[in-house]
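The values are calculated or read from the model by the stated rules, or taken from the named source; none is laboratory data. As the structure is a computational prediction, the values presented were derived from the model and not from experiment. Cβ coordinates were reconstructed from backbone atoms using ideal geometry, including for glycine residues, and neighbour counts include every protein chain displayed.
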């Protein structure tokens, strides 16, 4: 049994237990960091556990590989990014530690402690801001080497290619009011809106609601003592309010048109539609820019308070607090009350500017205070060992002669805040720089969008609650619940003291980082501006400031100040960069969500699988490619009988007296004269005369027609017809997609009639049921539509049966065909058979430029019709003559099968090969024992039967000859037998 | 002609139900899952959590035409319906398009009635039976709204999507007709779409519903739920 004393020994920075902490000290768990074992308590984050163990360096920086430690401890900065298992870029300060967790430092070589890649800093003068635009570009052939080296040296974690896909999903939410941020302001707004009757979704990125009240003491307002530290009254009120749904550990990523929000909770992406929104997202604490400001041991005030109050961890023994506001003094009092050695308070203000109620107490307790002083440098190599400070003169300039060093192992800066207003900005809100407050504060928002709390620049808790209640009331009213609070609209707002210093940067002679994510220094900013990137948006793009994992939370405000100074302009004139989603990084897995790739299967799918079918993807459909031997399947059709599942064929029903007129316009051939019971092949073109689809269409009876389309073109044709129907063609025609209502099987081969005759009373004799006719017939007791058509070139019947009966009918056909040697055949055999007949496949043999005159379908084009889609284009092509033709060919060598897509070439004068055409289909024909195909050729070559041409194969040229007409049964006798 | 076996209709989810261990029964020549585990367990799952049922055999008719409303009103004494609203299994999808859901086998009679009425009144409508072409998956249980919110962007709250409402929407990247058809106080939705996509939609719903403890239920549990 491990005692508390043991635990304290292995976690030397752990404070004694106290109220409000979130860890369970009764249990100790183990995890590893860079191969070394550490202890933690449930509730710890990875970072809090490591800090408790005395670990200061958690990562190495992006470019220079400088050691980095905890900075914000709020999930905003990049300093604690680690790899956990195969998950890269995990923020150690927010990820709860788990027993057995394996945590690794990332972007280091060979180790975090001794990272040789840190030598890159020696060459930093060769890698100034934007170096990738200026250097490593010559000689060009070495770029792959440069790129490999640079990518290896820089960057974040590694996404392992063999990592199994995680489980992600999405959820759509609809609500009246969204409150983004669960601090005192957000909670108050949510409660007020919910009490008005609105449905409220309350989001917070932390594990529990409460915001800064969880780790700070609201000291400033006497009345705020009514709000206890854990704000139990507020939290209990939320729990009791049925109209509020709380999402903790959830980051709102962005606002989109019409109040559509996107948020992420773990592996789930939330898509939210709301009527109104309250932005209560708090504020980012601003880092100060000074020499070595990235040294582990330099932290923000809020980070220290989180560690101390939530996790009982003190990240240093001797603390120097650098401040310019009362927050720093509050922090000093807080730490001092816990027995922490506050080595000094360095306040850049005059003594009389400090209004902290704790000042006298701290001074009397002997805490050294340096008014009108500023930090110059953090001293140390891999962790803070001390701090250099200097006095400010009467002009607020640094007096270097007053420089002195103080010993400490923790420097805490508390110099101001940047309101987190990204959501309001995305929604169309406006902000302005308030020079009195040295903050950019929201000044207006669109209707239905409200900003409260620290996001609105309000820090006093009582004021936060009052303003938020008004905003909550108005957000509910905007959503239709209650009345608008007119008093709130006319309120002059809360008068807040200045909390933020506009100094932002202390000059020096070492590296001072503005952007921790991309290792951009203040000198880099000056260089970029000197090079002409002097607008804030250009500066962002050139320097990549605010484009890293922090997305500007740590660097945006400081960059604006630096840009303004370098340009000699004001912060207001400089402006801000555009806030875009996502506000915080999100995994691609969360964006992708649950794997949803629709797959269509026919009712016979299981039968195909049970009979060893090799399935292929055709559009969304899964179809049998073959059942083991496609050549044998093709020969079975030629010699006996085969059965193929053609259920994916598009099947559309058209009813109404206007159908013939519609068909005349949609198809290039004639339809008015098609009598009931007959079937005709038709070709559709688009407005440009390009072949769109083909298939047969049957006139069932009176005003009812039955159209089939290609398997993958059913939806396109349905939408195409709907488009023209809604444009006024075929007035009164009703269109219904029956593709799935009927399953379809083609019984093909010389014995197909004999097979069907076993299953039906219908007279199938050639005279009673000739080629290109449709009949109703009971097949195996099921009423079916029977079409006598043939894509394969053999006597064949297409059986269309209601899909529920599909298995019954299919099995009946197989049973009936057994005595005739029936076999199922797949798409591959069908492609061989149709090629032997010279039938084209739209989309394979044609493309987005193919017209029917060129595609060997001139016989179908009826230019004497009054009008049809594509007619003007086809008339022009007819007049000019097609430049290319789709034509059959035979290979000269019998065993050479050119791949589909190969180029057809002719030698030019200079010996180069000119491309004059391409192969669209090719197969070995088992019936003809020749290699045959279809290809596009120039008209002058294609029009001469027997003309030879060259196909560029892999490494050689193969000869082929033009072939006119069908390769097999050119007169179609077998179809009509 | 050889006399064949009596034709039996299989739903597009038949193979899925077989894999899930269903025993089968027949209803109006449709072979449908009777029980997967036990009726008691399936009823409890539907009442307390979430269940999926294959209700493809329900009759389905599409009625299209400018006079469709008039024919329906005179045939079934039906009042006017707003778009998306439904009554007695008749739902208005567009101004000129209605969907009718009937108990299994009843669709033929309904189709005949409508055809007769339209012919007698010389009103041109098209009545198309699409029972075989559409899979129907019933999502039942207190968590049904939560499940659907993971795969569809519609708002399923009863105030927005009350009982006897039908909406066409994208669901898991497919087009589906979603009808709210509560069983008493138990939330329930019918997901009706292309039968060839039925197994895909079923699998998606099962996967998305795993966190709610979704189970498939058969006809016996469905009948018991309806009786209750």
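For this structure, a couple of remarks:
- Just one of the numbered conditions (1) buried (at least 17 other Cβ atoms within 10 Å of the Cβ); (2) more than 14 Å from chain B (Cβ to nearest Cβ); (3) in contact with a strand residue (DSSP E or B) (Cβ under 7 Å, 6 or more places away or on another chain) is not true of residue A:572: (1).
- Residues in the stretch A:575-593 that are touching a strand residue (DSSP E or B) at 6+ places or on another chain (Cβ under 8 Å), more than 30 Å from residue A:560 (Cα to Cα) and more than 14 Å from chain B (Cβ to nearest Cβ): A:591 alone.
- Pick from the stretch A:526-554, criterion in contact with a strand residue (DSSP E or B) (Cβ under 6 Å, 6 or more places away or on another chain) and closer than 18 Å to residue A:128 by Cα, ranking: surrounded by the most Cβ atoms within 10 Å (Cβ to Cβ): A:545
- Annotation note: of A:748, A:780, the sole residue that is within 14 Å of chain B (Cβ to nearest Cβ) and either buried (at least 20 other Cβ atoms within 10 Å of the Cβ) or under 25 Å from residue B:10 (Cα atoms) (or both) is A:780.
- The residue of the stretch A:724-743 that is nearest to the other protein chains (Cβ to nearest Cβ), among those that are in contact (Cβ under 8 Å) with a residue 40 or more places away in the chain, more than 37 Å from the chain's Cα centre (by Cα) and part of a loop (DSSP other than H, G, I, E, B), is A:732.
- Selection status of residue A:518, surrounded by 15 or more Cβ atoms within 10 Å (Cβ to Cβ), more than 29 Å from residue A:436 (Cα to Cα) and under 31 Å from the mean Cα position of the chain (by Cα): yes
- Pick from the stretch B:66-79, criterion out of contact with any strand residue (DSSP E or B) (no Cβ under 9 Å at 6 or more places or on another chain) and away from chain A (no Cβ under 14 Å), ranking: farthest from residue A:725 (Cα to Cα): B:77
- Single match in A:306, A:268 (criterion: surrounded by fewer than 23 Cβ atoms within 10 Å (Cβ to Cβ) and either under 35 Å from the mean Cα position of the chain (by Cα) or more than 30 Å from residue B:154 (Cβ to Cβ) (or both)): A:268
- Any pair with Cβ under 7 angstrom, 6 or more apart, that starts in the stretch A:904-921 at a residue that is over 13 Å from residue A:953 (Cα atoms) and ends at one that is modelled with pLDDT under 90 and loosely packed, with under 13 Cβ neighbours inside 10 Å: A:914/A:908
- Taking the stretch A:381-404 as the range and being touching a strand residue (DSSP E or B) at 6+ places or on another chain (Cβ under 7 Å), in a loop (DSSP other than H, G, I, E, B) and in contact (Cβ under 8 Å) with a residue 12 or more places away in the chain as the test, the residues that pass are A:382, A:384, A:385.
- Failed item in (1) closer than 14 Å to residue A:387 by Cα; (2) without any contact (Cβ under 8 Å) to a residue 60 or more places away in the chain, with residue A:332 passing the rest: (1)
- Residues satisfying the stated conditions in the stretch A:594-616, i.e. facing another protein chain (nearest Cβ under 9 Å), in a loop (DSSP other than H, G, I, E, B) and more than 16 Å from residue B:19 (Cβ to Cβ): A:594, A:595, A:596, A:597, A:598, A:602
- Meets criteria (in contact with a helix residue (DSSP H, G or I) (Cβ under 7 Å, 6 or more places away or on another chain) and within 14 Å of chain B (Cβ to nearest Cβ)) for residue A:620: no
- Any hit, the stretch A:142-161, residues being farther than 28 Å from residue A:544 by Cα and not in a strand (DSSP E or B): no
- Meets criteria (closer than 24 Å to residue A:828 by Cα, modelled with pLDDT of 95 or more and assigned to a loop (DSSP other than H, G, I, E, B)) for residue A:770: no
- Within the option set A:829, A:823, A:855, A:806, being within 14 Å of another protein chain (Cβ to nearest Cβ), surrounded by 18 or more Cβ atoms within 10 Å (Cβ to Cβ) and modelled with pLDDT of 95 or more holds for one residue only, A:806.
- Filtered residue count, the stretch A:578-592, keeping only those that are in contact (Cβ under 8 Å) with a residue 24 or more places away in the chain and surrounded by fewer than 19 Cβ atoms within 10 Å (Cβ to Cβ): 10
- Hey, residue A:559 crowded, with 20+ Cβ neighbours inside 10 Å, in contact (Cβ under 8 Å) with a residue 40 or more places away in the chain and part of a helix (DSSP H, G or I) or not: yes
- Subset of the stretch A:310-326 (residues that are assigned to a helix (DSSP H, G or I) and out of contact with any helix residue (DSSP H, G or I) (no Cβ under 7 Å at 6 or more places or on another chain)): A:326
- Residue list for the stretch A:875-903, filter: free of Cβ contacts under 8 Å to residues at least 24 places away in the same chain and in contact with a strand residue (DSSP E or B) (Cβ under 7 Å, 6 or more places away or on another chain): A:901
- Residue selected from the stretch B:183-200 under the condition within 10 Å of chain A (Cβ to nearest Cβ) and touching a strand residue (DSSP E or B) at 6+ places or on another chain (Cβ under 6 Å), by the criterion surrounded by the fewest Cβ atoms within 10 Å (Cβ to Cβ): B:193
- Residues of the stretch B:23-60 that turn out to be more than 14 Å from chain A (Cβ to nearest Cβ) and assigned to a loop (DSSP other than H, G, I, E, B), as a count: 5
- Residue check for residue A:108: closer than 30 Å to residue A:49 by Cβ, within 30 Å of the chain's Cα centre (by Cα) and at pLDDT 90 or above: yes
- Filtered residues of the stretch A:472-497 (kept if at pLDDT 90 or above and out of contact with any helix residue (DSSP H, G or I) (no Cβ under 7 Å at 6 or more places or on another chain)): A:477, A:478, A:479, A:480, A:481
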